[in-house]
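The structure under discussion appears below in the form of structure tokens.
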Amino acid sequence: MFEGSIVALVTPFRNGRIDHDALTALVEKQVAGGTSALVACGTTGEAPTLSEHEQAEVIATVVKASRGRVPVVAGTGTYDTAETIRRTQAAAAAGCRGAMVVTPYYNKPTVRGLEAHFTAVADASPVPLIIYNIPGRTGTRIPPALIAKLARHPRVAALKDATGSPADCMDVAELCELTILAGDDALTLPWMALGAKGIVSVAGNVVPEEIAALVREASRGDYVAARRRHYRLLPLFKALFVESNPIPVKAALALQGIGTPEVRLPLVAAEESTCELLKKALAGLAAPAASSARGAG
């Protein structure tokens, strides 16, 4: 279930409120584009700014719109173990088939604390978990040896590796059989070459067909085609992260007619220069694909 092109959905806003029509349209875009699974209320979904009621609303809308055609995963991790357990159980009750649990942020637990946290959540969870390792946002890195230990738990199903470290990716792949998912669009191809089984994607909001195709090509070992597609997509990958995610991806979706560029404070709307980069990247993808020496075998 946790393989392929998995897309971390934005939470569309309009005048400060959740735009459920835009969210439903985004889910339809994903299903039509071949996305393997959807993540609601992750980092890209601005989960830290959603109230408990809003989080439940977003999950309910995504589950309803997906109509069982693709699995829905909820981002449920917080810096509080008890609250993470509550959110995970609530997401499962709402119809989610998995939960993505980020490393506790701000309070910087020790390795022993990390083990206790993830074990407690896994013990209490009714659904499989994706552990989300993103030290750049949380301030805490889960070492590969601990990930391998956690992988023995029957509820720990996958790892979203957003460390940016190929050494970490290789160490986890060497130490255990846990499914690894890339956590950065630009690293989809290299991480899959190291053994990852897919990506939890931001770019997939905008170009789901392209991300699904990239993952398929890499999965079957067609690295010539995958490398060619990677370099076609690279300008978009770069443009989507020139400002904090999800500022650029919301601007890109608005250019495509889905939702507005609206984000919640402390985030602010994209700079005009970012919008110009996005327009250029999207126009490049719309143009006929050109052969590239970088895609040669």
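Just so you know, all these numbers are worked out from the coordinates, no wet-lab data involved. Everything numeric here is computed off the predicted structure, so don't read it as measured data. Ideal geometry is used to build each Cβ from the backbone, glycine not excepted, and the neighbour counts take in all protein chains shown.
Can you return the aspartates and glutamates within cross-link range of residue 238? Criterion is Cα-Cα under 19 Å, with same-chain partners fewer than 8 residues away left out.
Output for residue 238: 161, 184, 185, 209, 210, 271, 272, 276.
Please state the equivalent ellipsoid semi-axes for segment 4-222: what are the square roots of 5 times the Cα gyration tensor eigenvalues, largest first, in whole Å?
Equivalent-ellipsoid dimensions as semi-axes: 25, 22, 14 Å.
Report the Stokes-Einstein translational diffusion coefficient (µm² s⁻¹, integer) for segment 105-198, Rh taken as the Kirkwood radius over Cα pairs, at 20 °C with viscosity 1.002 mPa s. Write down the numbers at each step before the final one.
Values: Rh = 13.3 Å.
So the translational diffusion coefficient is about 161 µm²/s.
Students often get this wrong, so check it: of 197/279; 108/160; 160/279; 197/280; 160/280; 29/250, which have C-alpha atoms separated by over 21 Å?
197/279; 160/279; 197/280; 160/280
On full extension of the chain, what length is gained from residue 112 through residue 238, given 0.36 nm per residue of separation minus the C-alpha to C-alpha distance?
41.7 nm
Students often get this wrong: which residues of segment 187-211 have the backbone nitrogen under 18 Å from the point 7 angstrom along Cα-to-C-beta of residue 167?
Within reach of a label on residue 167, which here means backbone N under 18 Å from a point 7 Å along Cα→Cβ, segment 187-211 contributes 191, 194.
Can you tell me the FRET efficiency between residue 69 and residue 220 if r is taken as the Cβ-Cβ distance and R0 is 22 Å, rounded to the nearest 0.05?
Numbers: r = 23 Å, r/R0 = 1.06.
That gives a FRET efficiency of 0.40.
Can you give the % of DSSP beta bridges in the chain that are antiparallel, to the nearest 5?
The answer is about 5 percent antiparallel.
In straight Cα distance, which aspartates and glutamates are under 13 Å from residue 64, not counting same-chain residues fewer than 8 positions off?
21, 28
For a quick check, take a GNM of the chain with Cα springs below 10 Å and name the residue from 159, 150, 181 with the largest mean-square fluctuation.
150
Could you give the length gained on full extension between residue 49 and residue 145, defined as 0.36 nm per residue of separation minus the Cα-Cα distance, in nm?
That pair, residue 49 and residue 145, stretches by 31.3 nm at full extension.
Full extension from residue 287 to residue 17: what is 0.36 nm times the residue separation minus their Cα-Cα distance, to one decimal in nm?
Taking 0.36 nm per residue and subtracting the Cα distance, the gain is 93.6 nm.
Kindly write out, for segment 195-205 in residue order, the coupling ³J(HN,Hα) from the Karplus curve 6.51 cos²θ - 1.76 cosθ + 1.60 (θ = phi - 60°), rounded to whole Hz, with x marking Gly and Pro.
Per residue, the Karplus-derived 3J(HN,Hα) values read x, 5, 9, x, 9, 9, 9, 8, 4, x, 4 Hz.
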